[in-house]
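Chemist: One structure, as C-alpha cells, below. Some questions next.
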Amino acid sequence: MKSYCALVVRGLAVCGLLLAGLLLGGCRSSSDEIMFSDMANGPSAMSGPPPANGSASDAARFHVGDTIIVTLSGLPTTIDPHQEPIKEDGTITMPDIGKVQAAGKTAGELQNEIHDLYVPRIYTHLTVTVNIGDRVYYVSGEVKSPGRQLYVGQTTVNQAITSAGDFTDFASHKNVMLIRVNGDRTKVNVDKVRNGRAEDPPIYPGDQIIVHRRIW
C-alpha cells in the first residue's frame, strides 16, 4: 500500500513539473511575440509598400515643357533673368555653361547644380534662384472651349479634349494632331483611344492639341 501511494505521489509530482514547464514556455512565447511586434525599427516596421506620396513628390519636380526662370544675382553687373521651356531632351541652355539637365529635378536641386557650374569656374560669388512659370498646354480647333489649359498633373490627349469641353459636332475624332514642344507631330485617332484599340498619348506642358474639322 505504501509503495502504491508513493507511486501516485511521484506521478503527481511529475505531472506538476510538466504543467509548470508548459505554462512557463507559453508565457515566454507570448512575451517574445509582444516584444517583436513593438520593435519600431524591426523588420515588420520596414516592410510593406511606401507611403502613397509619389504624386506629390513628382508634382514638385520639373517636366519637359515647363518654363524655367533662372535669376543670377550677386554679380558686379546685372544680368537679365534667363527664361526657357525645358526641351524634349530634358535640358535648358544657360549662358557660358551650356546645357543643364532640368527635367526630373526640384527647384533647389537645379539651383545648386547651376551654381556649381558657374562657381568658381566663371564667377567667384553667385546667388542662383530658379522659378517656374505657369504649366500650360493648348487645345484648339473643334472643341467647345478652346484655348490655354493649366497642366495640373499627368494628362493624356483624350483627357485634355474632355477638359476643353469635348468635341464639337463638326470635329473629326480621327484626325487629332498632337504637337510637341520640339515640333514633333503625332496623329491621334481618339475614337480608337476611347474604344480601347489605341494608346492615349501623354501630353506635357507646352504641347499643342489641334482638333481638325471633319470633311463632309
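Chemist: Tally time: how many residues in the stretch 176-207 are assigned to a strand (DSSP E or B) and in contact with a helix residue (DSSP H, G or I) (Cβ under 9 Å, 6 or more places away or on another chain)?
Modeler: First, the residues of the stretch 176-207 that are assigned to a strand (DSSP E or B): 176-179, 185-188, 202-203.
Still in the list and also in contact with a helix residue (DSSP H, G or I) (Cβ under 9 Å, 6 or more places away or on another chain): 176, 178, 186, 188, 202-203.
Here the count works out to 6.
Chemist: Just to be sure I understand, how many residues within the stretch 97-156 are small (Gly, Ala, Ser), in a loop (DSSP other than H, G, I, E, B) and surrounded by fewer than 17 Cβ atoms within 10 Å (Cβ to Cβ)? Before you say what the answer is, go through the steps one by one.
Modeler: Kept after step one, since they are small (Gly, Ala, Ser), are these residues of the stretch 97-156: 98, 102-104, 107-108, 133, 140-141, 145, 147, 153.
Restricting the remaining residues to those that are in a loop (DSSP other than H, G, I, E, B) gives 102-104, 133, 145, 153.
Adding the requirement that they be surrounded by fewer than 17 Cβ atoms within 10 Å (Cβ to Cβ) leaves 104, 133, 145, 153.
Adding up the residues that qualify gives 4.
Chemist: Another question, then. Filter the stretch 58-92 down to residues that are hydrophobic (A, V, I, L, M, F, W, C) and not in a strand (DSSP E or B) and give me whichever is nearest to residue 110 (Cα to Cα).
Modeler: 62
Chemist: Residue 107 - would you say it is within 28 Å of residue 179 (Cα to Cα) and touching a helix residue (DSSP H, G or I) at 6+ places or on another chain (Cβ under 6 Å)? Working first, answer last.
Modeler: On the way: within 28 Å of residue 179 (Cα to Cα): yes; touching a helix residue (DSSP H, G or I) at 6+ places or on another chain (Cβ under 6 Å): no.
Considered against the rule, which asks whether it is within 28 Å of residue 179 (Cα to Cα) and touching a helix residue (DSSP H, G or I) at 6+ places or on another chain (Cβ under 6 Å), residue 107 comes out as no.
Chemist: Just checking, how many residues over the stretch 165-184 are under 26 Å from the mean Cα position of the chain (by Cα) and either at pLDDT 95 or above or more than 25 Å from residue 67 (Cβ to Cβ) (or both)?
Modeler: We begin by selecting, within the stretch 165-184, every residue under 26 Å from the mean Cα position of the chain (by Cα); these are 178-184.
With the extra rule that they be either at pLDDT 95 or above or more than 25 Å from residue 67 (Cβ to Cβ) (or both), the set shrinks to 178-179.
Total satisfying the criteria: 2.
The values are calculated or read from the model by the stated rules, or taken from the named source; none is laboratory data. The model shown is predicted, which means the values in this text are computed figures rather than measured ones. All Cβ positions, even for glycine, are placed from backbone atoms using ideal geometry, and neighbour counts span all protein chains on display.
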